[in-house]
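In what follows, a structure is listed as structure tokens, so that the remarks can point back to it.
The values are calculated or read from the model by the stated rules, or taken from the named source; none is laboratory data. Note that the structure is predicted; figures quoted are calculated from it, not measured. Using ideal geometry, Cβ is built from the backbone for each residue, glycine included, and neighbour counts are taken over all protein chains shown. With ligands, DNA and RNA removed, areas are computed over all heavy atoms of the protein, side chains included. Shrake-Rupley method; radii C 1.70, N 1.55, O 1.52, S 1.80 Å.
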Amino acid sequence: MTFTYIFGPVTSSRLGRSLGLDLLGRRVCSMDCLYCEVGRTDELTMRRAPYVPAEVILAELEQWRAENEILPDHVTLGGAGEPCLNSEMGAIIDGCRRILPEVPVAVLTNTTLLSDTSVCAELAGADIVLPSLDSLVEEEFIKLNRPCGGLSASDIAESLLQFRAMFKGRIFLEILLAQGINDSEENLALLKDYVKRLSPDRVDVTTLSRPGAYPVAKAVPPDVRVRWCSELSAACAVTPETPGTVFLRTGQRADLVERDQKAVTEIIVRSLQRRPQTPDQLALALSLSLEKVESALAVLVHQGVIHAVDADAAGLPGANGPFYSCR
């Protein structure tokens, strides 16, 4: 079966082999972040709606479960935009628990909708919530995250604190740094104070590892990211994770999956529709041999389905090979 709203499993440093669920189906979000790896937001909104109905996503998940013996480490609600905009998110979380009862549910969020009590009640059904909060300096927040009108960094931060107080699961806070935009000492100082109050289970400081939606967004140097990670983790007494660490379900390992080339090509296209990736990233995320990945990429480039982006031109020097993208 070809899946429209299920992708992966992809390999995540925070969630291991993560099976992704796209709750939007298109680029609908409450922000238009400069660094977004899925591209520029097509619909900027705070309006909740059943963008992809729960019954459609859960029917695909039932089919995926029937076709796969090895379970992912997590099932992760995300997609091409802000998953909390889907007004049927609560039903989707409940359905994931019914279909994959052994697998924890994680939700990625930009945190903008946590002022809505119904969103918080739905999110409370997840095992892990992964909120992002890139800057507490309002000017930086506006420049980097380009939010819907009326949103402020201070209000979003306060909403996350209130959610933390009622949520029984784990919080993995993510801060993405863009060079010259939100890597200021002022932001670092504000975030250090904030994480002491939030007390997340984990803090991840990241930077661009793939081309962003807007070329102005560039990666910070590695030493800057490491310093921020160390200082913010120390502020809330958690151990910073080694970049790139990946864990698998007990007793499982990421065996290379034997698939015919047509199936490999379809899987790669679906993955590249979500984010630009290098051949190495695709091979690791999809448990495929690098040879199969590179062969499929060559065909797709020739057909004009995807195109290559030079890593240096994308502001990501040191990446192992060019990035490939459907956009």
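For Q179 and H302, compute 0.36 nm times the residue count separating them, minus their Cα-Cα distance, and round to one decimal in nm.
Full extension from Q179 to H302 adds 40.8 nm.
Report the net charge of residues surrounding R48, where surrounding means a beta-carbon distance below 11 angstrom and charges are Lys +1, Arg +1, Asp -1, Glu -1.
In short, -3.
Do you know the relative contact order of segment 56-193, to the nearest whole percent, from alpha carbon pairs under 8 angstrom that are 6+ apart?
23
Roughly speaking, to the nearest percent, how much of segment 144-238's 1.4 Å accessible area is carbon and sulfur?
Exposed carbon and sulfur together represent 51 percent of the surface.
Sticking with the crude label model, points 7 Å out along Cα→Cβ, report the distance from N68 to L161 in nm, one decimal please.
3.9
With viscosity set to 0.692 mPa s and temperature to 37 °C, compute the Stokes-Einstein D of segment 84-201, Rh being the Kirkwood radius across alpha carbon pairs; µm²/s, no decimals.
Value of D from the Cα-based Kirkwood radius: 219 µm²/s.
Find the relative contact order for the chain and round it to a whole percent, using C-alpha pairs within less than 8 Å whose residues are 6+ positions apart.
18
So if R0 is 35 Å, what FRET efficiency would R197 and D223 give, r being the distance between their Cβ atoms, rounded to the nearest 0.05?
Rounded to the nearest 0.05, the efficiency is 0.80.
If one computes P(r) from the Cα atoms of segment 1-55, what percent of pairs lie at distances over 16 Å?
In whole percent, the share of Cα-Cα pairs in segment 1-55 beyond 16 Å is 56.
Dividing the Cα radius of gyration by the Kirkwood radius, what Rg/Rh value follows for segment 167-223?
1.03
For each pair in K168/K218; K196/K218; K143/K192, compute the distance between the two Cα atoms and list the pairs where it is over 32 Å.
With Cα atoms farther than 32 Å apart: K168/K218.
How big is the convex hull of the Cα atoms of the chain, per residue, in Å³?
126
Cβ neighbours within 10 Å, averaged per peptide: list 151-161, 128-138 in order, most packed at the top.
Going by the mean number of other Cβ atoms within 10 Å, highest first, we get 128-138, 151-161.
I want to make sure I understand the PRE zone here: with the label point 7 angstrom from the Cα of R98 toward its beta carbon, which residues in segment 61-85 have backbone N atoms less than 17 Å away?
61-66
Under 4 °C and 1.567 mPa s, how fast does segment 101-142 diffuse according to Stokes-Einstein, given a Kirkwood radius computed over C-alpha pairs? Answer in µm²/s, whole number.
Translational D for this selection: 110 µm²/s.
Out of every Cα pair in segment 1-138, what percent are spaced more than 20 Å from each other?
More than 20 Å apart: 42 percent of the Cα pairs in segment 1-138.
Of the accessible area of segment 1-77, with the probe set at 1.4 angstrom, what percent is carbon plus sulfur?
Carbon and sulfur: 46 percent of the exposed surface of segment 1-77.
How much accessible surface area, in Å² rounded to 10, belongs to the heavy atoms of L61 with a 1.4 Å probe?
The accessible area of L61 comes to roughly 0 Å².
Let me have the 222 nm mean residue ellipticity of the chain computed from DSSP H runs of 4+ only, each contributing -39500 (n - 2.57), with the sum over all residues rounded to the nearest 500.
Helices in the chain give a 222 nm mean residue ellipticity of -11000 deg cm²/dmol.
Summing +1 for each Lys or Arg and -1 for each Asp or Glu, what net charge is found among the other residues whose Cβ lies under 10 Å from the Cβ of C84?
Residues close to C84 contribute a combined charge of -2.
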